[in-house]
Amino acid sequence: MSPLYVAVLAVIVVALLSVSLYRTSQVKTKADYLVAGRSLPAIVLVLTLLTSWIGAGSLFAGAENAYRNGFAALWQPAGGWLGLLLIYFIAPRARKFAQFTLPDLLEARYNQTARVLGTFAILFSYVGITSYQFKGGGNVLHLIFPDAVTPELGAYIIAAFVILTTALAGMSSVAYMDVVIGSLVTVICIIAAPMLFLKAGGWAGLHASLPPEHFQVLGNLTLVRALEFLVPTMLLMLGNQVMYQKFFSAKTERDARISVIGWILGTLLLETLIVSIAVFGSALYPTGEVSRQPYEIIPYTARHGLPALMGALLLGAVFAKVISTASNYLFSPATNLVNDVFVRYIAPGASNKRVLIVSRLAVVLLGCWALYQAIYAPSILQKMLWAYTIYSAALTPVVLAAFYSKRVTAWGAVAAIAAGTVVTLVWDVPGVKTWFPQLLAQRDAIFPALFASLGAMVVVSLFTRAPVPQQLAKFSD
């Protein structure tokens, strides 16, 4: 156990805990807790959006993809890049709407049933995303302290820290912790990537160590498989409640739009660096322990492929990133339980104090559920694709329709959410795929679920009454 690694982790933990404790003193109302009092400036938005988006999905699942397929792994983050181009136009509309959660939007544009079904879809998806952050963070702690911390114990430690810091101050804590983490990770990756590139022997060394497919556009992937990485990522980006909550938290519509420009540039840079670091690591360590668990390639390379201080900083950055993303995706469904269930149906007149107590309790309960999934999840990559698919198929189509379609009806949206959720949940149940042609049965759930969702939305909307102008007014320019 290196004292240097302990020191770096200790500094990061103290810094994040200090930010969380300070922001807790600023939380007085429901709006303070759920949307940071709608006070976030553009620079804070950029860093919190960037940090919440790039977590274990990129650092572990994306890295595993890069270890197996080389630079073709960029198909996965490319979905986020495409989604961001459209988000530039959605951001000011979302801030203009200015509510607390995505189901607020679903009820305003559609109906209460859409709100309730949307809440369930978010719970399944986001708790799943939180779970593999815990699992990835546990693996990082195991790599740092191999004799003292097992991956399972590491997941428990990460979960406890995330639940504590998230419960304390809500969105305010999450956003300002992200400022610290986003700055750290960006600087460390910019320095570490060229160091590893040179250690791997530059382009000549990489081509000598890796198969030629790792430098091709598709690599070992078929086009359909590449799209199975791209499409769920793109659709999660477009409908991401974490993102909409950040826009709801912006000071102004202008801050929301400006933040997207910084987010686009930051995502292009960081995602490319992360894939590159994983590819360089695969050239340096093609065999051994990491070849059996390739999702660990980035922390493994940090530990064994960099000078001690830089390796400790990169490992610390990975650790901090996992905490940030876990906090964001744990906090988001907790706001759904509070705002869309407790305040909406159980205690509409609850005081701010009571809402804050229930909010913190929701964070704890959902964190425990995510931890249970983390301990039993077999694969970070598969868990990521499953969670992305529920959200992409069930929610993103109706969210985009809310802003860009005047014809999609309330019951069309309800049918789409239900169809996308159900198909994703049952797709891997034994025997279900035998109902479909063999070519389709071999695929992940994203395209069957998405086609079911879009088909249900279009067909039901054609046979039900169009929305009234009052429903559409809040979602237009």
Query raised in the report: Say we look at region 422-477 and pick out the residues that are buried (at least 19 other Cβ atoms within 10 Å of the Cβ) and part of a loop (DSSP other than H, G, I, E, B); which of these is modelled with the lowest pLDDT?
Result: F475
Query raised in the report: Before we move on, is F229 crowded, with 16+ Cβ neighbours inside 10 Å, among the aromatic types (F, W, Y), at pLDDT below 80 and within 30 Å of A413 (Cβ to Cβ)?
Result: no
Report summary line: Going through (1) surrounded by fewer than 24 Cβ atoms within 10 Å (Cβ to Cβ); (2) touching a Leu at 6+ places or on another chain (Cβ under 6 Å); (3) modelled with pLDDT of 80 or more one by one, V179 fails only at (3)
Query raised in the report: In region 189-218, how many are within 25 Å of the chain's Cα centre (by Cα) and under 28 Å from R303 (Cα atoms)?
Result: 5
Report summary line: Within region 177-186, the residues that are among the aliphatic types (A, V, I, L, M) and under 18 Å from P299 (Cβ atoms) are I181, L184, V185
Query - Number of the condition not met by G219 [criteria: (1) part of a helix (DSSP H, G or I); (2) surrounded by 21 or more Cβ atoms within 10 Å (Cβ to Cβ)] - result: (1)
**Report entry** Among the residues listed as V162, V127, V140, V149, the single one being without any contact (Cβ under 8 Å) to a residue 40 or more places away in the chain, among the aliphatic types (A, V, I, L, M) and crowded, with 19+ Cβ neighbours inside 10 Å
**Finding:** V149
Report task. Please state which one of A63, A72, A36 is assigned to a helix (DSSP H, G or I), among the small types (G, A, S) and modelled with pLDDT under 70. Result -> A36
Query raised in the report: If L365 passes every condition in (1) in contact (Cβ under 8 Å) with a residue 40 or more places away in the chain; (2) under 24 Å from V127 (Cα atoms) but one, which one does it miss?
Result: (1)
Requested in this report: Check region 404-418 and report whether any residue there is part of a helix (DSSP H, G or I) and at pLDDT below 75.
Outcome: no
Query raised in the report: Name the pairs: first residue in region 5-17 and more than 22 Å from T166 (Cα to Cα), second residue crowded, with 16+ Cβ neighbours inside 10 Å and of a type in the set (G, A, S), Cβ to Cβ under 7 Å, at least 6 apart or on different chains?
Result: Y5/A312
Requested in this report: Residue by residue through region 192-216, note down the ones that are closer than 30 Å to I323 by Cβ and either in contact with a helix residue (DSSP H, G or I) (Cβ under 7 Å, 6 or more places away or on another chain) or surrounded by 15 or more Cβ atoms within 10 Å (Cβ to Cβ) (or both).
Outcome: A192, A193, M195, L196, F197, K199, A200
Requested in this report: State all residues of region 285-310 that are buried (at least 24 other Cβ atoms within 10 Å of the Cβ) and either among the small types (G, A, S) or over 21 Å from I158 (Cβ atoms) (or both); if no residue qualifies, say none.
Outcome: A302
Query - Condition check for V14: modelled with pLDDT of 80 or more, part of a helix (DSSP H, G or I) and out of contact with any helix residue (DSSP H, G or I) (no Cβ under 6 Å at 6 or more places or on another chain) - result: yes
Report task. Output the number of residues of region 317-367 satisfying the condition of being among the basic types (K, R) and farther than 22 Å from I129 by Cβ. Result -> 3
Query raised in the report: Among (1) buried (at least 24 other Cβ atoms within 10 Å of the Cβ); (2) closer than 30 Å to G201 by Cβ, where does L235 come up short?
Result: (2)
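The values are calculated or read from the model by the stated rules, or taken from the named source; none is laboratory data. Since the structure is predicted, the reported quantities are computational estimates derived from the model, not experimental observations. So basically every Cβ, Gly included, is an ideal-geometry build from the backbone, and we count neighbours across all protein chains shown.
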